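Trainee: To start, I am sharing the structure in question, which I have written as structure tokens.
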Amino acid sequence: MSQALPELSQIIEQMRSAMSQLPSAIEKAARADPSVVLEHARSSGFAMPQGQGALDGETRTLIYLAVALATSNHACTAAMVNKARVQRIAATKLLEAFHIARFAQATQVLGNAEPLFDLIDEQRVLSSMATAD
């Protein structure tokens, strides 16, 4: 466990530096079970590789922000807003990410309504059959 602590403190400082503040969930997880934070950092490196991926850091932040907004993940939304602040991402780009997230949510509602549209179609068929008699 003594080897994990320097790694943990380094990870926490990197997160604090990237987002200007440490998300409270990370702070609490570090106290409760440091291995959770270590695993989360490993997963973050997999999903958002620094300097190695096809996307630049700003684009990754905007994607993460849009997904956080669309999935109602308030903790990640706050963390990505802080990161966008540190990265000085332009308001026009932030709003475009918001518009994309909003559209994704609207598309989800539309997709979820498919059984409703089927029922409306059924009712229309039955109604037209009843008026044809």
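Trainee: Kirkwood hydrodynamic radius, the range 21-98, all distinct C-alpha pairs: what's the number in Å?
Mentor: It works out to 13.3 Å.
Trainee: Show me, bin by bin at 5 Å from 0, the whole-percent P(r) of the range 57-133 based on Cα pairs.
Mentor: So the P(r) values, bin by bin, are 3, 15, 19, 15, 9, 7, 6, 6, 6, 5, 4, 3, 1, 0.
Trainee: Going highest first, how would you order 44-54, 100-110 by mean Cβ packing within 10 Å?
Mentor: Result, highest mean Cβ count within 10 Å first: 100-110, 44-54.
Trainee: Taking the convex hull of the Cα atoms, report for the range 1-47 its projected area averaged over all directions, in nm².
Mentor: 3.1
Trainee: Mean-square fluctuation check for the chain, GNM, Cα pairs under 10 Å: which of 58, 96, 122 is largest?
Mentor: Comparing 58, 96, 122 in the GNM, the peak value goes to 122.
Trainee: How large is the translational diffusion coefficient of the chain in µm² per second when you combine the Kirkwood radius over alpha carbon pairs with Stokes-Einstein at 10 °C and 1.306 mPa s?
Mentor: Roughly 89 µm²/s, to the nearest whole number.
Trainee: Compute the helix-to-body angle for 4-19: its Cα long axis versus the longest principal axis of the chain, expressed 0 to 90° and rounded to tens.
Mentor: Roughly 60 degrees between the two axes.
Trainee: Pull out the extension gain between residue 105 and residue 88, defined as 0.36 nm times the separation in residues minus the alpha carbon to alpha carbon distance; nm, one decimal.
Mentor: That pair, residue 105 and residue 88, stretches by 3.5 nm at full extension.
Trainee: Another question, if that's okay. Out of the trypsin sites (Lys or Arg not before Pro) in the range 1-100, which ones are loop residues according to DSSP with at most 11 other C-beta atoms within 10 Å?
Mentor: Answer in residue order: 88.
Trainee: To the nearest 20 debye, what is the magnitude of the charge dipole of the range 1-47 about its Cα centre, counting +1 on the Cβ of each Lys and Arg and -1 on the Cβ of each Asp and Glu?
Mentor: In total the dipole reaches around 80 debye.
Values quoted throughout were computed directly from the atomic coordinates according to the rules given, and no laboratory measurement underlies them. In this text the structure is predicted, and so the values were computed from the model without any measurement. Positions of Cβ are backbone-derived with ideal geometry, glycine not excepted, and every protein chain shown enters the neighbour counts.
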